[in-house]
Amino acid sequence: MRSPPRRLILSALLTAPLLAFAAPAAADDAPPALRWDQSVSCYHLKEGKTLRVQCTQDAKGETCLVAPGEMVGIGDPLDKVQPCSAHSDDEYRQLARRARMVPAVAEAPPGYARGESGRAFQVKFDLLNRFYIGVGWAPTLQSSRGFAVPPGFPFARANAEMGIHLSILSPRRRARHDLRILEGSATFADLELRGTLLSYDYQHEHRRPLFWISTFFGEPDVHPILPRMGFGFRVLSVLDRQPSFRDALDMEFGEFHVAWNPWQSDDMYSHLRIEIGGDFGAHWQDRKIVSGKSGNYFIGPTAAIESRISLGKGGLHYLFSDLTFRRPTIVSGDLTGETVNRLAGSFAYEGVLVAINDQPISARLAAEGRTQNDFLRDVRAVELRFFAGLRMSFGAPPRVFEPMPAFEDP
């Protein structure tokens with residue numbers, strides 16, 4: 001048998017890589033999709049099927065995207081589609097004679113995509129609006145003398161958490177309301193509880209300047225001042241088994257603060273926030289005996305710097321950070337007059353991994369630190385905690401970018 005000519009062998013060696021790259025490229029050519037913001041016509045064919053058609057006109061003539069009106073394979077009607085005008089089989093045949101017909105998939109609402117089978121699925125998530133439950137691993141170091149590893153539990157701690165987040169944007173008022181309800185966590189191996197009944201924050205960006213500042217350095221000029229001010233409060237926060245005294249319990253009855261956002265995104269979704277306020281609550285040295293008579297009631301100033309950043313507009317990746325300072329002073333109880341400093345901070349990342357029936361499951365990685373004195377003992381205690389776990393969120397709507405109305409400068 002004669003061997004293949006050298007020219008054929010060389011040609012095969014040169015074209016094989018091209019074919020290898022061309023095959024995936026052809027496989028990646030997804031069909032176009034009908035646009036959600038344009039009208040759709042439905043053509044009911046004689047054989048019982050429905051086609052969704054969207055046409056455009058340009059210099060080359062009329063082009064129509066044609067998508068099945070039912071789920072491919074099972075024939076169920078499509079969900080999450082726009083209302084359409086009905087047309088007959090004869091009208092479709094007339095359209096096909098004069099226009100170029102392009103196979104496509106049906107339209108999907110903002111924040112959704114539609115597979116080739118016709119099923120719509122959510123691709124953007126607003127994790128500021130959800131009910132979530134989560135589990136994870138929370139190794140913790142606690143010490144009043146450096147970072148000596150306590151025996152028994154630091155690396156075997158499991159953590160469970162839950163909460164309700166609501167964030168309401170009012171574009172007309174240029175304001176956003178953030179609420180957190182029944183948010184808390186429980187750490188196991190040695191049971192430790194932390195949580196807040198209700199937290200509320202209000203952000204506002206003036207639609208018109210609050211006042212103007214005139215400057216006379218160089219050419220006179222006038223500058224509008226629009227302070228991004230807000231306020232917020234917390235109701236009933238619990239800190240159980242604090243690091244400085246593992247048998248103690250702190251309960252903050254209420255906290256109020258005013259806030260300033262030196263930076264925020266156009267829709268107030270991401271921001272850097274500075275807060276100054278005060279709180280009042282009670283401290284119990286023995287968490288097993290909690291009563292009005294045994295409590296030491298405190299009041300004091302608070303300050304915080306916190307940030308919330310959404311990476312991109314899809315709502316798939318988030319960064320959170322906060323640094324909080326508290327200086328409570330006992331004003332009633334056995335420890336009246338005692339004052340301590342308490343500093344806490346955290347940094348966390350949360351990213352959506354998968355979704356089950358449009359309910360996202362996200363990974364959360366966090367590092368938390370806390371240092372404080374105990375009211376009774378002059379001990380500076382330190383706690384360092386890491387967290388790695390999963391959260392499943394329910395009811396998270398698509399992340400929708402809603403910019404504020406244009407600034408008004410009369």
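The values are calculated or read from the model by the stated rules, or taken from the named source; none is laboratory data. Please read all numbers here as calculations on a predicted model, not as lab measurements. When we count neighbours, we look across all protein chains shown, and the Cβ atoms used for this are built from the backbone with ideal geometry, even at glycine. Please note that ligands, DNA and RNA were not included when accessible areas were found on the heavy atoms of the full protein model with its side chains. Shrake-Rupley method; radii C 1.70, N 1.55, O 1.52, S 1.80 Å.
Observations
- Taking the chain as a Gaussian network of alpha-carbon nodes connected by springs under 10 Å, the highest mean-square fluctuation of the residues D250, D76, D334 belongs to D76.
- DSSP assigns beta bridges within the chain; of those with both partners inside it, close to 95 percent run antiparallel.
- Only lysines eight or more places from K313 in sequence, or on another chain, were considered; those with a Cα closer than 20 Å are K124.
- Per-residue [θ]222 nm for the chain (sum of -39500 (n - 2.57) over DSSP H runs n ≥ 4, rounded to 500): -2500 deg cm²/dmol
- Translational diffusion coefficient (Stokes-Einstein; Kirkwood radius from C-alpha pairs) of segment 37-166 at 20 °C, 1.002 mPa s, in µm²/s: 111
- 33 Å tail of the calculated P(r), the chain, as % of Cα pairs: 55
- Listed by chain and number, the lysines whose alpha-carbon sits under 26 Å from that of K49, ignoring those within fewer than 8 places in the same chain, are K80.
- Here the Karplus curve 6.51 cos²θ - 1.76 cosθ + 1.60, taken at θ = phi - 60°, turns the phi angles of segment 46-52 into couplings of 5, 7, x, 8, 10, 10, 9 Hz, with x standing for Gly and Pro.
- A dipole drawn for the chain from +1 and -1 charges on Cβ atoms has a positive end, and of S214, P328, Y92 the residue lying farthest that way is Y92.
- Between 0 and 90°, nearest 10: helix 89-98 axis offset from the chain longest Cα axis: 80
- Diffusion constant of segment 240-359 at 37 °C, which comes from Stokes-Einstein with the Kirkwood Cα-pair radius and 0.692 mPa s, µm²/s: 195
- Rounded tilt (10° steps) of 6-27 against the dominant C-alpha axis of the chain: 60
- Here the 3J(HN,Hα) profile of segment 105-111, calculated from phi with Karplus coefficients 6.51, -1.76 and 1.60 at θ = phi - 60°, is 10, 5, 5, 9, x, x, x Hz, Gly and Pro shown as x.
- Per residue, segment 38-113 exposes an accessible area of 58 Å² to a 1.4 Å probe, with every protein chain left in place.
- Whole-number D in µm²/s for segment 350-391 (Stokes-Einstein; Kirkwood sum over Cα pairs; 4 °C, 1.567 mPa s): 100
- Proximal aspartates and glutamates to K293, defined as alpha-carbon separation beneath 17 angstrom and excluding residues fewer than eight positions away on the same chain: D250, E252, D334
- Carbon/sulfur fraction of accessible area - segment 58-134, other protein chains in place, 1.4 Å, %: 54
- Residues of segment 38-56 with amide N under 20 Å of a point placed 7 Å along Cα→Cβ from A86: 39-54
- Of the GluC sites (Glu not before Pro) found in segment 38-77, the ones in coil according to DSSP and having at most 15 other Cβ atoms within 10 Å of their Cβ are E47.
- Cα-based Kirkwood hydrodynamic radius, segment 307-410, one decimal, Å: 17.5
- Potential extension, F253-V235 segment - 0.36 nm per residue separation minus Cα distance: 5.9 nm
- A simple spin-label model places pseudo-atoms 7 Å from Cα toward Cβ; at V290 and A189 they are separated by 2.4 nm.
- Solvent-accessible area per residue, Å², over segment 202-297 with all protein chains present [probe radius 1.4 Å]: 52
- Full extension of the chain between K313 and E116 yields a length gain of 68.5 nm, computed as 0.36 nm times the residue separation minus the alpha carbon distance.
- In plain terms, the chain from E62 to L226 could stretch by 54.0 nm, reckoned as 0.36 nm per residue minus the Cα-Cα distance.
- In a DSSP loop and with at most 15 other Cβ atoms within 10 Å, the chymotrypsin sites (Phe, Trp or Tyr not before Pro) in segment 334-402 are F401.
- Backbone N under 19 Å from the R246 label point (7 Å along Cα→Cβ), restricted to segment 356-395: 369-386
- Alpha-carbon centroid distance for the pair segment 174-211 / segment 219-297, whole angstrom: 9
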